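Student: Let me begin by handing over the structure; questions about it come next.
The values are calculated or read from the model by the stated rules, or taken from the named source; none is laboratory data. Because the structure is predicted, anything quoted here is derived from the model rather than measured. A quick note on method: Cβ atoms are made from the backbone with ideal geometry, for glycine too, and the neighbour counts reach across all protein chains shown. What goes into the accessible areas is simple: the full protein's heavy atoms, side chains included, and nothing from ligands, DNA or RNA. Shrake-Rupley method; radii C 1.70, N 1.55, O 1.52, S 1.80 Å.
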Amino acid sequence: MSRVVVIGGGAAGLMSAITAAENGNQVIIAEKRERPARKLLITGKGRCNVTNNCDNDTLIANIPKNARFLYSAFAAWSSADTINFFEQNGVPLKTERGNRVFPVSDRAVDIVDALVNKAKSVGVKFVHEAAKEILAENNAVSGVLLQNDEKLVCDAVILATGGMSYQNTGSTGDGYKMASALGHTVTAISPSLVPLNIHEGFCVSLMGLSLKNVTLSVYEQGKQKPIYEEMGEMLFTHFGISGPLVLSASAHIRNMGKKEYTVKINLKPALTEEQLDKRLQRDFLENNNKNLINSLDKLLPQKLIPVVVKLSGVPSDKKVNQITKADRQAIINVMRALTLRVKSFRDINEAIITSGGISVKEINPTTMESKIINNLFFAGEIIDVDAYTGGFNLQIAFSTGHLAGGSI
């Protein structure tokens, strides 16, 4: 029997603690918040997108960085295992669009309660104190020093402190410092699954406008093809753009600050250029004597009309019966590629996850154990892996947590 200290009581920490305790170890979770898994409570807009109901190949395909590192973790604990775990622990689940899995209750708290109750039922103890330092002797873990200077003597440590996003939930980057002090490399930290600041000032006038069934494409300076292109939903804000499409797109932007990025929105992706022209002509026929600005309400949301007209360069007060073929083409070009220049990511505190973390080169992928310090294990967002939206990041937390806890 080993004495194990898990630092961090989030999704990865709780799953690793449960697995380690089920294997017969004495387990303590050091969690600085009174309420564990605070970040889980706000995921999926409070509904908790707990995993994605897909096979392991699909999981891997949705991880843009260091995906191969996770093969063993997913083999040991798949999304099917996550689904079974929660259903066996009293939380019925449902699968929605995009294979996203949620509790039937739509309450994230049910997921948190299931994890905490399971941990307690297998003997995991909780210490509500932040960890300050991981102690090591002869290149192996010997204990954990807490902020109140209490020392927890142990045989193994699982570091599962998360990243730096949503810092009011407790993810303040402490784990990076503790790992660095032991010689680990922390790769560049940046926000991911985050809204985007946009240069164009007209976003302010569109604030609150939600667009559905549009195609969003992201172009990186120097590349002809889009680095991301998807159809779905997005939202204009006072600073730029947000919503599911934008958050997913942000995960593909890897050189912010070094390269320039442009977003193009096709407002009518279901129509070809020719079909859109015919639709425009039909609408113009019905509004023959109106000004251009007053003739597009069947085709576009009211807030968007002045923006599209201005960008087209066609005078807003031009009578519809005077609109030329070239005018129509100019309007169509804007509607098929409304162009925005990306200024920057929003603050990391607004990001769903953190990109970057402990270098995967320094972690054994079959055990999650450090290659530098014996009996030090890593789990969850602290590792340099991140995925797209859809439950994939939580699955990484559960899979790496299970593998770390099971390797002790």
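Student: On each of the three principal axes of the Cα atoms of segment 90-170, give max minus min coordinate, whole Å, ordered largest first.
Tutor: Computed over the Cα atoms, the extents are 50, 30, 24 Å.
Student: Looking at the square roots a ≥ b ≥ c of the eigenvalues of the Cα gyration tensor of segment 280-408, which shape do they give, rounded for a/c under 1.5, prolate if a/b is larger than b/c, or oblate?
Tutor: Verdict is prolate for segment 280-408.
Student: May I ask you to evaluate 6.51 cos²θ - 1.76 cosθ + 1.60, the Karplus curve with θ = phi - 60°, for each residue of segment 218-226 and list the ³J(HN,Hα) values in order in whole Hz, giving x for glycine and proline?
Tutor: Running phi through 6.51 cos²θ - 1.76 cosθ + 1.60 with θ = phi - 60° gives 10, 10, 9, 3, x, 10, 6, 8, x Hz.
Student: Obtain the nm distance between the two label points defined at E129 and Q329 by a simple spin-label model: each point lies 7 Å from its Cα along the Cα-to-C-beta direction.
Tutor: In this crude spin-label approximation the distance works out to 7.4 nm.
Student: Which of the peptides 322-329, 233-240, 190-197 is most tightly packed, and how do the rest follow, judged by the mean count of other Cβ atoms within 10 Å per residue?
Tutor: Put in order of decreasing packing, that is 190-197, 233-240, 322-329.
Student: Quick one: which of 118-126, 304-312 comes out on top by average Cβ neighbours within 10 Å, and what's the full order, highest first?
Tutor: In descending order of packing, they fall as 304-312, 118-126.
Student: Send over a whole-number figure in Å² for the accessible area per residue of the chain, probe 1.4 Å.
Tutor: 43 Å²
Student: What share of the DSSP beta bridges in the chain is antiparallel, in percent to the nearest 5?
Tutor: Antiparallel bridges make up about 70 percent of those DSSP assigns within the chain.
Student: What is the distance, in nm, between label points placed 7 Å from the Cα along the Cα-to-Cβ direction at A188 and at N321?
Tutor: 6.0 nm
Student: If I take R0 = 45 Å and measure r between the Cβ atoms of N23 and K290 in this structure, what FRET efficiency does the formula 1/(1 + (r/R0)^6) give, to the nearest 0.05?
Tutor: 0.05
Student: Obtain the nm distance between the two label points defined at I227 and L209 by a simple spin-label model: each point lies 7 Å from its Cα along the Cα-to-C-beta direction.
Tutor: Spacing of the two 7 Å Cα→Cβ label points: 2.7 nm.
Student: Turning to a different aspect of this structure: Given 0.36 nm per residue, what is the gain on full extension from I42 to R68 after removing their alpha carbon distance, in nm?
Tutor: 6.5 nm
Student: What FRET efficiency would be calculated for the residue pair D149, N89, taking the C-beta separation as r and a Förster radius of 41 Å, to the nearest 0.05?
Tutor: Working from the Cβ atoms, E equals 0.70.
Student: Based on Cβ point charges of +1 for Lys and Arg and -1 for Asp and Glu, what charge dipole magnitude is obtained for the chain about its Cα centre, in debye rounded to the nearest 20?
Tutor: In total the dipole reaches around 1420 debye.
Student: Express in whole angstrom the spacing between the alpha-carbon centres of segment 9-34 and segment 351-365.
Tutor: Rounded to whole Å, the Cα centres lie 20 Å apart.
Student: Let me ask something else. Keeping the other protein chains in place, figure out the carbon and sulfur percent of the accessible area of segment 167-300, with a 1.4 Å probe.
Tutor: Its accessible area is 49 percent carbon and sulfur atoms.
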